[in-house]
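Asks: Got a structure for you, questions after.
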Amino acid sequence: MKIVQKTVKVEKYDFYKIHLSIINTLIPDEDKMVNKEIEVLAAFMGLEKVLIEEDMFNTLARKQVKTKLSLSAGGLGNHLKSLINKKHLAKNEITGRITINPHIVPEEPVQGFQIKLIQENGN
């Protein structure tokens with residue numbers, strides 16, 4: 001078995017974007033994120049920790065993501081709603097606060113991956 005290894009050094013936003021793209025391949029088709037959802041989530045994850053430590057999706061964070069990705073408030077809301085429907089984000093019924101599902105949060109500043117791909121009916 002040949003192991004493919006690659007080290008990639010990237011800026012913060014790209015770190016999250018690449019991480020989400022990799023784990024997206026492991027998510028069932030009905031819950032896969034589209035590219036814009038990956039960009040939106042990466043933009044939130046890449047914000048300064050002091051800004052998002054209590055609430056990643058607060059008003060100031062949303063404003064910065066809208067500006068970075070040139071999104072309208074409605075467009076951002078639609079992407080967040082889709083991510084909630086796909087269970088990558090969770091919305092508290094009482095407070096309305098949105099949180100990120102821990103299964104998609106990488107280790108920082110280095111995230112490793114080990115994936116075994118097996119061909120069915122192969123030798």
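The values are calculated or read from the model by the stated rules, or taken from the named source; none is laboratory data. Computed from a predicted model, the values in this text were never measured in an experiment. Glycine also receives a Cβ, built like all others from the backbone with ideal geometry; neighbour counts cover every protein chain displayed. For the accessible areas, the whole protein counts, side chains as well, though only heavy atoms, and no ligand, DNA or RNA atoms are used. Shrake-Rupley method; radii C 1.70, N 1.55, O 1.52, S 1.80 Å.
Asks: Do we find a residue being open to solvent by 70 Å² or more (accessible area, probe 1.4 Å), in a helix (DSSP H, G or I) and basic (Lys, Arg) anywhere in the range 13-35?
Replies: Within the range 13-35, not a single residue is open to solvent by 70 Å² or more (accessible area, probe 1.4 Å), in a helix (DSSP H, G or I) and basic (Lys, Arg).
Asks: Could I ask something else about it? If you take the residues of the range 83-106 that are under 14 Å from LEU41 (Cβ atoms) and part of a strand (DSSP E or B), which of them is most open to solvent (accessible area, probe 1.4 Å)?
Replies: THR99
Asks: Additional query: With respect to GLU120, determine if the residue is within 14 Å of the chain's Cα centre (by Cα), in a loop (DSSP other than H, G, I, E, B) and at pLDDT below 95.
Replies: no
Asks: Would you check which residues across the range 63-72 are open to solvent by 40 Å² or more (accessible area, probe 1.4 Å) and either among the hydroxyl-bearing types (Ser, Thr, Tyr) or out of contact with any helix residue (DSSP H, G or I) (no Cβ under 6 Å at 6 or more places or on another chain) (or both) and list them?
Replies: Result: LYS63, GLN64, THR67, SER70, SER72.
Asks: Give just the number: which of (1) assigned to a loop (DSSP other than H, G, I, E, B); (2) out of contact with any helix residue (DSSP H, G or I) (no Cβ under 6 Å at 6 or more places or on another chain) does GLY75 not satisfy?
Replies: Of the numbered conditions (1) assigned to a loop (DSSP other than H, G, I, E, B); (2) out of contact with any helix residue (DSSP H, G or I) (no Cβ under 6 Å at 6 or more places or on another chain), the odd one out for GLY75 is (1).
Asks: I need the full set of residues from the range 42-61 which are open to solvent by 30 Å² or more (accessible area, probe 1.4 Å) and either in a loop (DSSP other than H, G, I, E, B) or among the aliphatic types (A, V, I, L, M) (or both), in order please.
Replies: Once the filter is applied, which keeps residues that are open to solvent by 30 Å² or more (accessible area, probe 1.4 Å) and either in a loop (DSSP other than H, G, I, E, B) or among the aliphatic types (A, V, I, L, M) (or both), the range 42-61 yields GLU48, VAL50, LEU51, GLU53, GLU54, ASP55, MET56, ASN58, LEU60.
For every residue, the table says whether it meets (1) without any contact (Cβ under 8 Å) to a residue 24 or more places away in the chain; (2) more than 13 Å from the chain's Cα centre (by Cα).
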residue: LYS2; (1), (2): yes, yes
residue: PHE15; (1), (2): no, no
residue: ASN24; (1), (2): yes, no
residue: LYS49; (1), (2): yes, yes
residue: ILE84; (1), (2): yes, no
residue: LYS91; (1), (2): yes, yes
